[in-house]
Amino acid sequence: MKQRLEGKVALVTGASSGIGRATAVRLGREGAAVGVNYRSDKDGAQTSVQEITEAGGRAIAVGGDVSKEDEVKEMVRAVVEEYGRLDILVNNAGIETERPFLEMSLEDWEKVVAVNLTGAFLMCREAMRVMVGNGGGVVVNMSSVHQRIPWPHFTHYAATKGGLKMLTETLALEFAGRGVRVNAVAPGAIATPINREKLDDPEQRAAMEKLVPWGRWGEPEEVAACVAFLASDEASYVTGATLFVDGGMALYPSFEGGE
Ligand code: NAI
Ligand code: BGC
């Protein structure tokens, strides 16, 4: 594979599984040295690291919770200490919980906001301080089709993804003169652990396929390929953009009832 990211250093949050793992592996295969962040699944992170190193790349596992300021500082520090710089940040860590709105507790709301939105803010601020010092860099935020498609019972999740859109666009403007590009990727239905329940139930699995014009679930590698493009110099004139990776899902969202 073409080494588009040779000499670059990347940090991918939530990279012990799913899209984060596929992204870390892809960036590693394209030549970047990768910090593989995990919160609690150290073994999962080690598996991602191993996949990268076995393919001839460089990677380390970096523990830390993206919603905790001190842990975020430590994560960025560890990567810079190991590899001397930081060029690419992928804010991939994210969680969701199903909650009818009238039953949603403040704790439910705050948990999702803390990881999906505050986590991205903390990571961006810390990493961009380093990037600006390096003369530039790239941020890719993992948004969702739900930055555009409202999602009943997942109000907190949809609100965080809508928030990520504005975080992306505002930072793209604020840092346009300082060499930092900021973009987002918005996946549709991707076969990862976050969708385990739906994937394991043939009816739910098929129902999702009906919502996707392309007629199938996406693979994490298909998202990772788009992150790698945005992270590379091939996207040198792209900033503030959201790239939908959704088999057309966001083009024609069908609302299937409220309750
Ligand atoms: P996943 O559940 O495998 O990945 C989420 C990762 O985030 C896990 O590795 C988890 O350990 C990590 N994480 C959770 N809280 C964290 C914290 N506080 N600090 C650090 N890491 C933390 O599921 P998936 O699908 O790979 O999700 C990755 C991202 O993609 C999420 O932001 C999700 O919202 C987004 N996404 C996923 C879609 C899908 O259909 N799978 C569609 C659209 C967006
Ligand atoms: C969610 C998935 C969901 C997909 C399509 C993603 O943002 O994380 O659980 O299947 O959107 O609705």
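No lab work stands behind these numbers, since they all come straight from the coordinates. As the structure is a computational prediction, the values presented were derived from the model and not from experiment. So basically every Cβ, Gly included, is an ideal-geometry build from the backbone, and we count neighbours across all protein chains shown.
A simple packing score, the average count of other Cβ atoms within 10 Å per residue, orders the peptides 184-190, 120-126, 89-95 as 89-95, 184-190, 120-126, with the highest score first.
Considering every alpha-carbon pair of region 135-259, the percent of pairs per 5 Å bin, from zero through the bin containing the longest distance, is 2, 11, 18, 21, 20, 12, 8, 5, 2, 1, 0. Label-to-label distance for residue 197 and residue 77 is 3.9 nm, based on points extended 7 Å past Cα in the beta-carbon direction. Sorting the segments 64-77, 143-156 by their mean number of nearby beta carbons within 10 angstrom, highest to lowest, gives 143-156, 64-77. Once the C-beta distance of residue 166 and residue 205 is scaled by a Förster radius of 51 Å, the resulting FRET efficiency is 0.95 to the nearest 0.05. Taking the longest Cα principal axis of the chain as reference, the axis of helix 155-174 is set at about 40 degrees.
When the Kirkwood hydrodynamic radius is evaluated over all pairs of different C-alpha atoms of the chain, what value in angstrom, to one decimal, is obtained? Every distinct Cα pair counted, the radius reaches 18.3 Å.
Assign unit charges at the C-beta atoms only (+1 for Lys and Arg, -1 for Asp and Glu), then state the dipole size of region 9-68 relative to its Cα centre in Debye, rounded to the nearest 20.
Numbers: 7 positive and 6 negative charges, 26 e Å.
Value, rounded to 20: 120 debye.
Beyond 13 Å, the tail of the calculated P(r) for region 102-176 holds 68 percent of the Cα pairs. Using alpha-carbon pairs under 8 Å, 6+ residues apart, how would you state the relative contact order of the chain in percent? Normalised by residue count, the contact order of the chain is 18 percent. Could you run the Debye sum over the Cα atoms of region 191-250, one equal point scatterer each and no solvent, and tell me log10 of I(q)/I(0) at q = 0.18, 0.22 Å⁻¹, two decimals? Once normalised to I(0) and log-transformed, intensities are -0.72, -0.91. If you wrap the tightest convex hull around every Cα atom of region 166-207 and split its volume per residue, you get 84 Å³. Between residue 238 and residue 106, the simple spin-label model (points 7 angstrom out along Cα→Cβ) gives 4.2 nm. Overall, the ratio between the Cα radius of gyration of region 34-101 and 2.2 N^0.38 Å, rounded to two decimals, is 1.26.
Report the one residue of 84, 250, 134 whose Cα lies farthest in the direction of the positive end of the charge dipole of region 9-251 (charges on C-beta: Lys and Arg +1, Asp and Glu -1; origin at the Cα centre). Result: 134. With no solvent and one equal point scatterer placed on each C-alpha of region 5-158, evaluate the Debye formula and give log10 I(q)/I(0) for q = 0.20 Å⁻¹, two decimals. Rounded to two decimals, the profile gives -1.17.
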